[in-house]
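> Have a look at this one.
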Amino acid sequence: MKLTIIGGGGFRVPQIFEALSGDTEAVHITDLCLFDSDPERVAAIEAVLAQMAPSLPRPPRVTTASGLDEAVTGAAFIFSAMRIGGTGGRIKDERIALELGVLGQETTGPGGLAYALRTLPHARDLAERVARHAPEAILINFTNPAGIVTEAMREALGDKVVGICDTPIGLMRRAVHAIGSTPEDVDFDYVGLNHLGWLRSLTVDGMDKLPGLLADDAGLEGIEEARLMGFDWIRALGAIPNEYLYYYYFQREATERLRGSAETRGEFLHRQQGRFYEEACHHPDSALELWQRTKHDREASYMAESRPESERTARQASDIEGGGYQQVALDLMTALLGGKPATMILNVANRGLVPQLPDDAVIEVPCTVTGDGIAPKRIAPVTGEMLGLLQQVKAVERLTIAASRNKSGELAWRALAAHPLVDSISVAKALLDTYREQIPGVDAALSGGE
């Protein structure tokens with residue numbers, strides 16, 4: 001069975017390789033095909049995988065493809081993990097926003113919209129090629145902003161594409177551990193968009209354990225999201241927010257911390273990962289050791305701007321442990337192939353789950369996954385400020401998709417102006433103009449239309 005990774009030179013590919021190489025009967029990927037626009041990055045990752053393979057029970061054969069059609073043909077599963085513009089593009093996404101006084105973050109706010117605009121043409125192209133050359137394949141989208149990209153890909157692939165993110169899974173894992181239970185024994189209610197959602201109940205034997213957890217300081221101490229937002233705030237909400245809601249609830253503090261930092265997250269990753277790829281190409285025999293060291297530093301500093309200066313490089317062990325993207329993807333493939341059924345939080349079509357949103361809008365909700373497919377679970381009604389934020393951000397996402405489809409700078413301006421983290425129409429115009437001037441992919445995505 002063939003799995004293709006689009007963005008096969010990406011830093012997280014060894015984690016996927018390791019997950020696929022385990023001693024499991026449900027998913028047996030025999031061929032892992034890597035496709036990437038940067039051959040040097042692929043060479044570095046190939047060196048890492050070659051050094052990992054001898055210690056793994058069933059490593060797949062690793063190949064590379066020179067063209068996209070070749071890469072997807074014959075694949076049973078395709079992972080989309082592309083980063084159009086690389087970390088250099090991310091730096092501009094973040095810095096341009098910060099210099100105009102608004103939040104500069106990879107997926108949340110204007111930086112995420114710039115990232116989406118330059119990515120969507122490539123995501124649509126991939127989806128169309130998969131529909132032509134691998135119509136039976138399941139495309140699992142890792143590419144951020146995952147909700148926007150997955151929704152655009154559905155135009156060509158429908159239910160053959162699903163978006164995944166490890167952020168809500170990590171929240172669930174920490175919450176289940178805090179109530180002293182196991183995932184198999186817990187029913188739960190979670191609703192949102194990618195990087196914007198809330199855990200609203202945790203039910204064991206018919207009893208909701210979330211109110212008790214919210215009242216328990218010791219239990220909340222082990223939940224990174226609770227520490228980020230503050231115990232009083234999540235008690236006021238009656239729910240535990242996805243960690244990315246920090247940027248909405250603490251917009252001023254987050255922006256000030258980012259502007260006061262010596263480097264943005266993009267600049268950190270560009271420097272750190274750039275060094276890894278360069279050293280791995282020059283010293284391929286040490287590629288695995290270099291990758292492991294870089295991975296540790298990357299994970300320890302995740303969302304550093306949300307923590308006090310003294311804690312920015314020292315996350316708690318419980319915040320880092322867990323399967324991550326690769327385990328989510330493995331569990332998803334296992335269930336779809338008829339192995340152990342799974343309950344997962346996935347990015348899928350709304351279809352009436354949140355009646356106030358369009359049926360074809362992609363939302364992030366719990367799903368039951370079996371060999372028969374993916375079935376979203378019923379959720380409690382969404383009301384009040386949660387519904388208001390969902391509707392506003394989903395409107396922004398759909399404007400962004402329409403701007404890309406129609407090559408419309410005007411729609412892109414409206415998307416930026418409508419985002420709750422952009423506080424001025426004139427700032428939105430300045431953001432768009434500057435992104436188009438400094439990021440070729442954004443201007444290319446909007447040129448030739450209206």
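> From the C-alpha gyration tensor of the stretch 52-111, pull out the three semi-axes of the equivalent ellipsoid (sqrt of 5λ each), sorted largest to smallest, in whole Å.
Equivalent ellipsoid of the stretch 52-111: 36, 16, 10 Å, largest first.
> Mind listing the phi-derived Karplus ³J(HN,Hα) values for the stretch 354-363, rounded to whole Hz, using 6.51, -1.76 and 1.60 with θ = phi - 60°, and x for any glycine or proline?
For the stretch 354-363, the Karplus curve yields 10, x, 7, 10, x, 4, 8, 5, 8, 10 Hz.
> Compute the accessible area per residue over the chain, keeping the other protein chains in place, probe 1.4 Å, unit Å².
About 40 Å² of surface per residue is accessible.
> Relative contact order for the stretch 144-301 using alpha-carbon pairs under 8 Å, separation at least 6, rounded to a whole percent?
15
> Once phi is turned into ³J(HN,Hα) by the Karplus curve 6.51 cos²θ - 1.76 cosθ + 1.60 with θ = phi - 60°, what whole-Hz value does each residue of the stretch 283-289 show in order, with x for glycine and proline?
For the stretch 283-289, the Karplus-derived couplings read 10, x, 5, 9, 4, 5, 4 Hz, x marking Gly and Pro.
> Let me ask another. Considering Cα pairs under 8 angstrom that are at least six residues apart, work out the relative contact order of the chain and quote it in whole percent.
The normalised contact order for the chain reaches 17 percent.
> Go ahead and run the numbers for FRET between Arg378 and Asp285, Cβ-Cβ distance against an R0 of 41 Å, rounding to 0.05.
The computed FRET efficiency comes out at 0.15.
> On to the next question. Starting from the Cα gyration tensor of the chain, multiply each eigenvalue by 5, take the square root, and state the resulting semi-axes largest first in whole Å.
Over the Cα atoms of the chain, the semi-axes work out to 29, 28, 24 Å.
> Using only Cα atoms, what Kirkwood radius does the stretch 113-174 have, in angstroms?
Over the stretch 113-174, the inverse of the mean reciprocal pair distance is 12.1 Å.
> Separate question: Determine the dipole magnitude for the chain: charges of +1 sit on the beta-carbon of Lys and Arg, -1 on that of Asp and Glu, nothing else is charged, the reference point is the Cα centre, and the result goes in debye to the nearest 20.
My answer is approximately 680 debye.
> Starting at the first residue of the stretch 43-59, write each ³J(HN,Hα) from the Karplus equation 6.51 cos²θ - 1.76 cosθ + 1.60 with θ = phi - 60°, in whole Hz, x for Gly and Pro.
Calculated HN-Hα couplings, in order: 4, 5, 5, 4, 5, 4, 5, 4, 7, 6, 3, x, 9, 9, x, 9, x Hz.
> Which whole-number percent gives the relative contact order of the stretch 104-222, counting Cα pairs below 8 Å spaced six or more residues apart?
17
> How do the peptides 87-94, 179-186, 430-437, 386-393 rank, highest first, by the average count of neighbouring beta carbon atoms within 10 Å per residue?
By packing density, highest mean first, the sequence is 87-94, 430-437, 386-393, 179-186.
> Just the number, please: carbon plus sulfur as a percent of the accessible area of the chain, 1.4 Å probe, no ligands or DNA/RNA counted.
Of all accessible area on the chain, carbon and sulfur atoms account for 50 percent.
> Val365's amide H: which non-local residues (gap 5+, or another chain) put their own amide H closer than 5 Å, with H modeled 1.01 Å from N in plane and none for Pro or chain starts?
Leu346, Val348
The values are calculated or read from the model by the stated rules, or taken from the named source; none is laboratory data. As the structure is a prediction and not an experimental result, all values here were calculated from the model. Cβ coordinates were reconstructed from backbone atoms using ideal geometry, including for glycine residues, and neighbour counts include every protein chain displayed. For accessibility, only protein heavy atoms count, side chains too; no ligands or nucleic acids. Shrake-Rupley method; radii C 1.70, N 1.55, O 1.52, S 1.80 Å.
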